[in-house]
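The values are calculated or read from the model by the stated rules, or taken from the named source; none is laboratory data. What you see is a predicted model, and the numbers here were worked out from it, not measured in a lab. Heads up, the Cβs are rebuilt from the backbone with ideal geometry, glycines too, and the neighbour counts pull from every protein chain shown. Ligands, DNA and RNA are stripped out before the accessible areas are found, and what is left, the full protein with its side chains, is counted by its heavy atoms. Shrake-Rupley method; radii C 1.70, N 1.55, O 1.52, S 1.80 Å.
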Amino acid sequence: MTGPDVTVLGAGIAGLACACALAQAGANVRVLERARTLAGVGAGIQISPNGFAVLRALGLELRIGELADASDAAVLRVGATGRRLIRLPMAGRRFYLIHRADLIAVLAR
(Lines give C-alpha, C1' and ligand atoms only; values in the text may rest on other atoms or scores of the structure.)
Protein backbone atom coordinates (compact mmCIF):
# COMPACT_ATOMS: atom_id res chain seq x y z
CA MET A 1 0.00 0.00 0.00
CA THR A 2 1.34 3.43 -0.87
CA GLY A 3 0.50 6.78 0.61
CA PRO A 4 -1.07 9.74 -1.15
CA ASP A 5 0.76 11.75 -3.79
CA VAL A 6 1.55 15.21 -2.43
CA THR A 7 3.17 18.17 -4.15
CA VAL A 8 4.90 20.77 -2.00
CA LEU A 9 5.41 24.18 -3.56
CA GLY A 10 8.73 25.73 -2.60
CA ALA A 11 11.98 24.25 -1.34
CA GLY A 12 12.57 26.76 1.43
CA ILE A 13 12.82 25.80 5.07
CA ALA A 14 9.06 25.41 5.56
CA GLY A 15 8.49 23.53 2.30
CA LEU A 16 11.33 21.08 2.89
CA ALA A 17 10.34 20.50 6.54
CA CYS A 18 6.78 19.83 5.38
CA ALA A 19 8.04 17.46 2.68
CA CYS A 20 10.15 15.57 5.25
CA ALA A 21 7.19 15.17 7.61
CA LEU A 22 4.87 14.02 4.82
CA ALA A 23 7.42 11.52 3.48
CA GLN A 24 7.98 10.10 6.95
CA ALA A 25 4.20 9.70 7.25
CA GLY A 26 4.20 7.61 4.07
CA ALA A 27 3.26 10.14 1.40
CA ASN A 28 4.86 10.17 -2.04
CA VAL A 29 6.21 13.71 -2.05
CA ARG A 30 7.33 15.87 -4.95
CA VAL A 31 8.83 19.28 -4.18
CA LEU A 32 8.58 22.00 -6.82
CA GLU A 33 10.99 24.92 -6.66
CA ARG A 34 11.37 27.65 -9.26
CA ALA A 35 15.08 28.21 -8.53
CA ARG A 36 17.36 25.98 -10.60
CA THR A 37 19.43 24.96 -7.55
CA LEU A 38 19.15 25.10 -3.79
CA ALA A 39 21.88 27.71 -3.45
CA GLY A 40 23.06 29.30 -0.24
CA VAL A 41 20.65 32.22 -0.13
CA GLY A 42 20.51 34.20 3.09
CA ALA A 43 22.70 34.22 6.13
CA GLY A 44 22.69 32.82 9.61
CA ILE A 45 19.39 32.10 11.32
CA GLN A 46 18.36 31.36 14.88
CA ILE A 47 16.29 28.27 15.62
CA SER A 48 14.13 28.63 18.72
CA PRO A 49 13.45 25.72 21.09
CA ASN A 50 10.04 25.21 19.43
CA GLY A 51 11.64 25.11 15.97
CA PHE A 52 14.29 22.69 17.16
CA ALA A 53 11.54 20.43 18.54
CA VAL A 54 10.19 20.14 14.98
CA LEU A 55 13.64 19.23 13.65
CA ARG A 56 14.00 16.66 16.46
CA ALA A 57 10.62 15.14 15.53
CA LEU A 58 11.87 14.83 11.93
CA GLY A 59 14.90 12.89 13.18
CA LEU A 60 17.35 15.67 12.28
CA GLU A 61 18.51 16.59 15.79
CA LEU A 62 21.97 15.02 15.54
CA ARG A 63 22.82 16.43 12.11
CA ILE A 64 21.63 19.92 13.01
CA GLY A 65 23.52 19.66 16.31
CA GLU A 66 26.72 18.94 14.36
CA LEU A 67 26.31 22.01 12.16
CA ALA A 68 24.79 24.55 14.55
CA ASP A 69 26.16 26.50 17.46
CA ALA A 70 24.03 26.40 20.60
CA SER A 71 23.43 29.47 22.72
CA ASP A 72 21.84 29.70 26.14
CA ALA A 73 21.87 33.51 26.27
CA ALA A 74 21.38 36.60 24.13
CA VAL A 75 24.28 39.03 24.27
CA LEU A 76 23.86 42.64 23.21
CA ARG A 77 27.04 44.40 22.07
CA VAL A 78 28.05 47.87 20.93
CA GLY A 79 28.35 47.69 17.13
CA ALA A 80 31.61 49.56 16.55
CA THR A 81 33.60 48.24 19.49
CA GLY A 82 31.95 44.92 20.23
CA ARG A 83 31.85 45.82 23.93
CA ARG A 84 29.24 43.74 25.74
CA LEU A 85 26.30 45.72 27.10
CA ILE A 86 24.24 42.96 28.63
CA ARG A 87 23.87 39.18 28.69
CA LEU A 88 20.34 37.82 28.94
CA PRO A 89 20.20 34.14 30.03
CA MET A 90 17.54 32.00 28.32
CA ALA A 91 16.49 30.22 31.53
CA GLY A 92 17.91 26.83 30.57
CA ARG A 93 16.55 26.92 27.02
CA ARG A 94 18.85 26.66 24.02
CA PHE A 95 18.70 28.49 20.74
CA TYR A 96 20.62 27.15 17.75
CA LEU A 97 22.49 29.32 15.27
CA ILE A 98 23.04 27.88 11.80
CA HIS A 99 23.64 29.12 8.29
CA ARG A 100 20.42 28.97 6.28
CA ALA A 101 22.15 27.06 3.45
CA ASP A 102 23.26 24.34 5.91
CA LEU A 103 19.72 23.92 7.25
CA ILE A 104 18.32 23.76 3.69
CA ALA A 105 20.91 21.11 2.78
CA VAL A 106 19.98 18.92 5.76
CA LEU A 107 16.27 19.21 5.01
CA ALA A 108 16.81 18.51 1.30
CA ARG A 109 18.63 15.25 2.08
Among LEU16, VAL6, ALA101, flag the residue with its Cα farthest along the positive direction of the charge dipole of the chain, charges on Cβ as +1 for Lys/Arg and -1 for Asp/Glu. ALA101
Ratio for the stretch 1-99, C-alpha Rg to 2.2 N^0.38 Å, reads 1.39
Most packed first (mean Cβ within 10 Å per residue), the peptides 46-55, 9-18 order as 9-18, 46-55
Output ordering of 83-90, 70-77 (per-residue mean of other Cβ within 10 Å, highest first) is 70-77, 83-90
Give me the percent of DSSP beta bridges within the chain that run antiparallel, rounded to the nearest 5. 70 percent
Accessible area of the chain with a 1.4 Å probe: how many percent of it is carbon plus sulfur? 55 percent
Relative contact order (percent) for the chain, with alpha-carbon contacts under 8 angstrom and 6 or more residues of separation? 30 percent
